[in-house]
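Chemist: Below: one structure in structure tokens.
Nothing in this text is a laboratory measurement; each read-out follows from the coordinates by a stated rule. All values derive from a computational prediction rather than experimental measurement. A quick note on method: Cβ atoms are made from the backbone with ideal geometry, for glycine too, and the neighbour counts reach across all protein chains shown.
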Amino acid sequence: MSLQIPPEEILKIAKEILKQDFLAVLTHQIKVTYIQNAPQKMCMDKIFVINNQVKNMDGMDKMGKKLAQCFSTFMTNRNVKSQTDEFTTLFSITDDDMELIQASSDEVMASLQSEIKSVETETKHDIKHKSVIFYMCLMMIKYYPSTKTFDIYFAYTYIKMKSILLTVKTFDHKQKVLNALKYEAYNMLARGMANESSNRITLIENPNFNLPSSPLSS
């Protein structure tokens, strides 16, 4: 399985944005877990376990529901059902969006992107007076149509950036900081997922990588 990551140029822009606030205190924690050769019900059970682990954490009460929505959308997609060769997809889930980042089948990519966008989600930017708080979860699915089983990797993090300087910054600046944090988080999660995969996941730098809902500019 291959996993696309942002190029160094993009990560450098993100780091420069975050360095502008030299008083910032950044806290985060990363969790990686996976399930292999599992039928559909075991995958849903795994999502239920993850939901129970995070539902009482600040701001993460909807993450399990969004994971289930992404997996259900994947399972009911017409183009997914018609595939005969194994393939992979990668979903990104945050407080305020669900995105399909990559798929090894262009046909699946196009149809799943359309369906994911149509799923209603609760918009929730946690941008406060002195802090920016959010979570991100990556769910990578490898599907084996011949056996109707899955390998699924989950990596998620909760990040909080707190600084007195944010009190004098505009909302647009805080949104820029949030977007930079999302790229940092994605990179950390992707690398954590690859490290836990026992060489099953290979990282590939994509010079055109972007998170559609989080534009990044220097």
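Chemist: When DSSP assigns beta bridges and you keep just the ones with both residues in region 2-205, what percent turn out antiparallel, to the nearest 5? The partial results should precede the final answer.
Modeler: Working: 41 of 45 bridges.
Rounded to the nearest five, the antiparallel share is 90 percent.
Chemist: Also, I was wondering about something else. Under 20 Å from the 7 Å Cα→Cβ point of ARG200, by amide nitrogen: which residues of region 1-44?
Modeler: 1-5, 31-44
Chemist: Sticking with this structure for a sec: Between LYS31 and VAL119, what length comes free when the chain is fully extended (0.36 nm per residue of separation minus the Cα-Cα distance, one decimal in nm)?
Modeler: Details: separation 88, 0.36 × 88 = 31.68 nm, distance 2.59 nm.
In short, 29.1 nm is gained.
Chemist: Tell me which trypsin sites (Lys or Arg not before Pro) from region 8-66 have a DSSP coil assignment and no more than 14 other beta carbons within 10 Å of their own. Write out the running numbers ahead of the final one.
Modeler: Values: sites: LYS12, LYS15, LYS19, LYS31, LYS41, LYS46, LYS55, LYS62, LYS65, LYS66; in loops: LYS55, LYS62.
Passing sites in region 8-66 are LYS55.
Chemist: Taking the 0 to 90 degree range and rounding to the nearest ten, how far is the long axis of helix 8-19 tilted relative to the main principal axis of the chain, both from C-alpha atoms?
Modeler: With both axes taken from Cα atoms, the answer is about 40 degrees.
Chemist: Relative to the first principal axis of the alpha-carbon coordinates of the chain, what is the inclination of helix 106-118, with its axis defined by its Cα atoms, in degrees from 0 to 90 and to the nearest 10?
Modeler: Result, in degrees: 60.
Chemist: Starting with the highest mean, order 176-186, 137-147 by the number of other Cβ atoms within 10 Å, averaged over the residues of each peptide.
Modeler: Working: 176-186: 22.7, 137-147: 18.5.
Ranked by mean Cβ neighbours within 10 Å, highest first: 176-186, 137-147.
Chemist: Also, I was wondering about something else. Classify region 67-218 from the C-alpha gyration tensor, please: rounded if a/c falls under 1.5, else prolate or oblate depending on whether a/b exceeds b/c.
Modeler: It comes out prolate by the Cα gyration axes.
Chemist: Note the angle between two axes, namely the Cα long axis of helix 171-196 and the longest principal axis of the Cα atoms of the chain, as a number of degrees from 0 to 90, rounded to the nearest 10.
Modeler: 40 degrees
Chemist: Same structure, new question: With contacts defined as alpha carbon pairs under 8 Å and 6 or more residues apart, what's the relative contact order of the chain in percent?
Modeler: Numbers: 377 pairs, mean separation 74.8, N = 218.
Reported as a whole number, the value is 34 percent.
Chemist: Here's another thing I want to ask about it. Show me the chymotrypsin sites (Phe, Trp or Tyr not before Pro) within region 12-81 that DSSP assigns to loop and that have at most 16 other Cβ atoms within 10 Å of their Cβ.
Modeler: Numbers: sites: PHE22, TYR34, PHE48, PHE71, PHE74; in loops: PHE22.
Filter output for region 12-81: PHE22.
Chemist: Hey, which lysines would be in cross-link range of LYS46, C-alpha to C-alpha under 21 Å, not counting anything within fewer than 8 residues on its own chain?
Modeler: LYS31, LYS55, LYS62, LYS65, LYS66, LYS142, LYS148
Chemist: A follow-up question, please. Evaluate the charge dipole of the chain about its Cα centre and quote only its size in Debye, nearest 20, assuming +1 on the Cβ of each Lys and Arg and -1 on the Cβ of each Asp and Glu.
Modeler: That gives a dipole near 580 debye.
Chemist: I'd like the FRET efficiency for ALA110 and THR167, computed as 1/(1 + (r/R0)^6) with the beta carbon distance as r and R0 of 45 Å, rounded to 0.05.
Modeler: Working: r = 44 Å, r/R0 = 0.97.
In this case the efficiency is close to 0.55.
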